[in-house]
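The values are calculated or read from the model by the stated rules, or taken from the named source; none is laboratory data. Everything numeric here is computed off the predicted structure, so don't read it as measured data. A quick note on method: Cβ atoms are made from the backbone with ideal geometry, for glycine too, and the neighbour counts reach across all protein chains shown.
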């Protein structure tokens, strides 16, 4: 297990204040950070000329979150061109914070989590997982955890990454703002499990730390070669999950699936009806942008104990440039 991050670093601030299962993605390469001046905490974001995309809500103690957001909005208002803010991967408790500041807030998908204290492989719900895991084991797939310093197969993993993207099709890109990465500033705190078959690495999954009220690990990046036998990804995840159980981890979070788990009951009063229709259409027909249905099916295969809506908030209401910039920033376009 990795040592706790130093208190003064971005990861250290997240450990102290974040209560979001995907918070560690805020350390991804290319992400900027506004650290609070009047109150401790940070806001993670990526900036364009006229639009700024914030990842998750303000990472601060509950009494300080509003002050930190106001500080960040004031800083943006002082910039040339006065860029507008869009926040993505907000949770239910963030809605009122943004609605009070004139943002439109819409559901964009759902996140999934497994309570490791309750997870059991037996039973009908996990039948497909057991079947696929057995098939991979019969094919001779072996899974091992490797430490960051032992990842000497960089070229092999690079080839898997490139092959994975090609297999998704030229229209499908990585959601780089919303998934983990191999390497980067958080590499020392991530955990990597590799699958080998026939003497070569054919797939891997990385997991990052989760702090807050449901601490544990986040399944944050997965890649496989087309030569990986059926069930390889399930075998990797089960191996990691059982390791985390043995270590006493609380939760394994499977992360956000955009355009999945949409429900009119989740839409707040401050939502945009137009964006609600667009997101629903992407969920139904947008597999060229993001394979929401297959991703959701994989996560539900693990019988998650929580399925929670996640949101995007648009300063001053939903406008086409803000939606376009959000899709560009996340890599969906």
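Points to keep in mind about this one:
- Filter result for the condition that a residue is in the same structural domain as residue 309 (by TED's automatic domain parsing) and closer than 25 Å to residue 180 by Cβ, over 32, 38, 74, 66: 32
- Residue in the range 58-76 that is assigned to a strand (DSSP E or B) and crowded, with 19+ Cβ neighbours inside 10 Å present: yes
- Considering 112, 98, the condition of being assigned to a helix (DSSP H, G or I), farther than 20 Å from residue 15 by Cα and in contact with a strand residue (DSSP E or B) (Cβ under 8 Å, 6 or more places away or on another chain) is satisfied by 98 alone.
- In the range 220-274, residue surrounded by the fewest Cβ atoms within 10 Å (Cβ to Cβ) [restricted to those that are free of Cβ contacts under 8 Å to residues at least 40 places away in the same chain and part of a loop (DSSP other than H, G, I, E, B)]: 248
The rows are residues; the columns are (1) touching a strand residue (DSSP E or B) at 6+ places or on another chain (Cβ under 6 Å); (2) under 21 Å from residue 270 (Cα atoms).
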{"site": "78", "(1), (2)": "no, no"}
{"site": "84", "(1), (2)": "yes, yes"}
{"site": "88", "(1), (2)": "yes, yes"}
{"site": "92", "(1), (2)": "no, yes"}
{"site": "104", "(1), (2)": "yes, yes"}
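A quick yes/no check of all residues on (1) over 18 Å from the mean Cα position of the chain (by Cα); (2) farther than 30 Å from residue 15 by Cα; (3) modelled with pLDDT under 90:
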position	(1), (2), (3)
137	yes, yes, no
143	yes, no, no
163	yes, yes, yes
167	yes, yes, yes
181	no, no, yes
197	yes, yes, no
214	no, no, no
218	no, no, no
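- Taken over the range 107-123, the criterion of being modelled with pLDDT under 95 and farther than 20 Å from residue 294 by Cα is satisfied by 122, 123.
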